[in-house]
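**Q** For reference, the structure I am asking about is given below.
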Amino acid sequence: MDAVGRELRRRDDVPGAAGPMTPEGVVGWLGCVQAQDFAGAKWAIGNRLKRQGDGEKRADARLPASNGKPGSNGEKQPAWTDAGIQQAFNEGKILRTHILRPTWHFVTPGDIGWMLALTAPRIKAFCAGMHRQLELDGAIFKRSHATLRKALSGGMQLTRKELLPVFRQAKIRTDELRLAHLLMQAELDGIICSGAMNGKQFTYALLEERAPGGKLLEQEEAVAELTLRYFKSRGPATLTDFAWWSGLTVADGKKGVEAYRSQFINEVADGQSYWIHSGPGSPREGSSAQDSSGFPGGPDRPAFLDRPGHPAFQVLPAFDEYTVAYKDRDLVLSPKHALRSGNGIFKPIILSEGRIVGTWQRTIHKDHIAVTTDLFRPGGRRLLKAAFAGYGAFMEKPVVCHFEQEWD
C-alpha cells in the first residue's frame, strides 16, 4: 500500500505547480468544498491557494493587499487571508448551500445550477421521511417558495431571524425543525442560496439574483462533469469513494468515468480498484514513468504535500476534503487513531507526509490565537510552530502553541 499512499498525497493537488489563485478557482477545481464549519471551510480554501513567495505574480487585481487596498493588475500580493475569502463569499464569488449528501458546501455561481439539478433529487428523497414527520408537503413548499421570492426580491438578503416574521405573516409554521427544512428545500429547488454575512449572521438571497446565467447540463453531461472534477482533484480514489462524496451511486460513477475513459488509468492495489486521472490538467499528463507498483508518475513527481519548501507538517480544518471526500480513510489514518481523531473528519487534523498524526483546536483571543495539539507520536515543536504560523498569517493573528507533550 506504500505506492497507493504516495499517490494519495497528490489527492488534493491543485492545477499547475502554483495552484489556483482565487477562492472561486479552488472551489471550482474541487467541485464543492464541505462548509458546515464555515470558519474551517475558509481555511480549507486558503490552505490550497497560491502563497506569496511561490515565484509568480498574481493575476487577480481585486485581491486586497495587506493594507486592505486593491493591488494593481499583475502586482505580487500577499497570501490570501480569512478576511479576503470572507470578502469573496460576501461578493458572491463563492456560494454556500445544501448541494451534496446533504450538508452545506461551497460551490461557484457557474456550477450551482447544473450541480443542484443533478444532486437535489437524491437529497430530497433522503429528506422525505422527515418531511412527513414535520407535515411538510408540496403545497406548503410552494407557499414557502412564493413567500421567499417576495421577501428577497430586489436584492434583499435576510437572516433566519428576519425571515421568521415573514413566514409568520404568511401563516407558515416554523416550529420544531420546519424552518430548517423549508429553507433547505428552497435551496434544493434553486430558489435561494447564501447572501452576504450580516455581522456574524448568515443571510439568504434569491439564487436567480445571486448567480444569474449559470450553465445547465443534461444529466449524463452533469454526471460526467462531476465525476471528472472529483477524480482530477482527489484521485486516486475508488468509485465507492466517489459515491460517498457525491451522494450519487457507484453506477453513476462508472458512467462518468466511461465518458472520459481515455483520461483515466485504473490500478488495483490490495484488491481495491483505484481510478487515476491522467488527462489534461493532470500532473501525470504525458508521463509514462511508473514506480515499482505500476502507479503512473513515479516517485520523481513531487506530491502536493512534499513539494520543495512545503512545511513538514500541514494543519487542516475539520471536514477537510482531504479526508471527508473518501469513504475509506485507512491510507491516511491508522484505524487505532480513528476514534481519537474523530475519524479524521470531526476534528481539525495535523498531517505529516500525507498521514494524520494528530489533532488540534483553537481558541481565538483579542490579540492572538491559542492552539492546543494532540499528537499521536513525537514531533518537533519548531516544525509544528512553522505549520501553525501559516495559519496565523491566514487569520492575521499570531498563534501561540500549547503542546501536551514536551518534545524537541
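**Q** Going by what's in this entry, would GLY279 be described as open to solvent by less than 10 Å² (accessible area, probe 1.4 Å) and either modelled with pLDDT of 95 or more or in a loop (DSSP other than H, G, I, E, B) (or both)?
**A** When the stated conditions are applied, GLY279 passes them.
**Q** Output the residues belonging to segment 363-385 that are of a type outside the set (D, E, K, R) and surrounded by 16 or more Cβ atoms within 10 Å (Cβ to Cβ).
**A** ILE369, VAL371, THR373, LEU375, PHE376, GLY379, LEU384
**Q** Within segment 237-276, count every residue that is open to solvent by 40 Å² or more (accessible area, probe 1.4 Å), assigned to a helix (DSSP H, G or I) and charged (D, E, K, R).
**A** Qualifying residue count for the region: 4.
**Q** Only one of these is surrounded by fewer than 19 Cβ atoms within 10 Å (Cβ to Cβ), at pLDDT 90 or above and in a strand (DSSP E or B): VAL315, VAL400. Name it. Steps first, answer last, please.
**A** Working: VAL315 fails: surrounded by fewer than 19 Cβ atoms within 10 Å (Cβ to Cβ).
Answer to the check: VAL400.
**Q** Could you give every pair whose Cβ atoms fall below 9 Å, whose first residue belongs to segment 361-377 and is more than 15 Å from PHE394 (Cα to Cα), and whose second residue is of a type in the set (A, V, I, L, M, F, W, C) and open to solvent by 50 Å² or more (accessible area, probe 1.4 Å), counting only separations of at least 6 or pairs across chains?
**A** HIS365/VAL400; LEU375/TRP407
**Q** Only one of these conditions is not met by ILE345: (1) touching a residue at least 12 places away in the same chain (Cβ under 8 Å); (2) open to solvent by 40 Å² or more (accessible area, probe 1.4 Å). Which number is it?
**A** (2)
**Q** May I pose another question? Got a sec? Which of GLU176, GLU220 is at positive phi and of a type in the set (Asp, Glu)?
**A** GLU176
**Q** Consider only pairs whose beta carbons are under 9 Å apart and that are at least six residues apart or on different chains; among these, list those whose first residue lies in segment 201-229 and is over 17 Å from ALA243 (Cβ atoms) and whose second residue is at pLDDT below 95 and outside any helix (DSSP H, G or I).
**A** LEU207/GLY214
**Q** Can you pull out every residue in segment 127-156 that is open to solvent by 80 Å² or more (accessible area, probe 1.4 Å), out of contact with any strand residue (DSSP E or B) (no Cβ under 8 Å at 6 or more places or on another chain) and part of a helix (DSSP H, G or I)?
**A** ARG132, GLN133, LYS142, ARG143, LYS150
**Q** Same structure again: Please specify each residue of segment 168-177 satisfying the condition of being of a type outside the set (Gly, Ala, Ser) and either buried (at least 19 other Cβ atoms within 10 Å of the Cβ) or not in a helix (DSSP H, G or I) (or both).
**A** LYS171, ILE172, ARG173, THR174, ASP175, GLU176, LEU177
The values are calculated or read from the model by the stated rules, or taken from the named source; none is laboratory data. Quantities reported herein were computed from a predicted structural model and do not represent experimental measurements. Every residue, glycine among them, receives a Cβ derived from its backbone with ideal geometry; neighbour counts consider all protein chains shown. Protein only, heavy atoms only, side chains kept; ligands, DNA and RNA dropped before computing areas. Shrake-Rupley method; radii C 1.70, N 1.55, O 1.52, S 1.80 Å.
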